[in-house]
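Participant: Input: one structure, supplied below.
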Amino acid sequence: MKAALALAAVFFLVIQAAHGEPAKKKKAPSASTGSSAPSSAVLRAEQDKAFRALDLDGDGKISIAEAAGNAPLVTRFDRADRNRDGKLDRKEYDRLVARMKKK
């Protein structure tokens, strides 16, 4: 049940990223500017959490089976799997998420 909820949360974040909609996040004000933009460390932590939630077996890679239910990830999986091992390692996943955020 916990894994299903985590997967649903990740799916929601990926869908928002794919559509260019920012996920609702708590924004900490910047010490220098007083702005409320999230820091790169916060964004990286959220991406780490999403990756770990998808990596159900904890092997450090996401298989197509682990990505099931996450339509944006599944549809881009083959293209993102650059070494063709059937799994997305962290680098491949990060590249995919970055591309999805640009669109």
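Just so it is clear, none of the values below were taken in a lab; they were calculated from the coordinates. Given the structure is predicted, the values throughout are model-derived calculations rather than measurements. Cβ sites come from the backbone with ideal geometry, for glycine too, and all protein chains shown count toward neighbours.
Participant: Under a plain spin-label model, where a point goes 7 Å from the Cα along Cα-to-Cβ, how far apart in nm are Leu43 and Arg82?
Facilitator: Distance between the two pseudo-spin positions: 1.9 nm.
Participant: Still on this model: Check Ser63: other-chain or 5+ apart residues with amide H under 5 Å from its amide H, H built from backbone geometry?
Facilitator: Leu88
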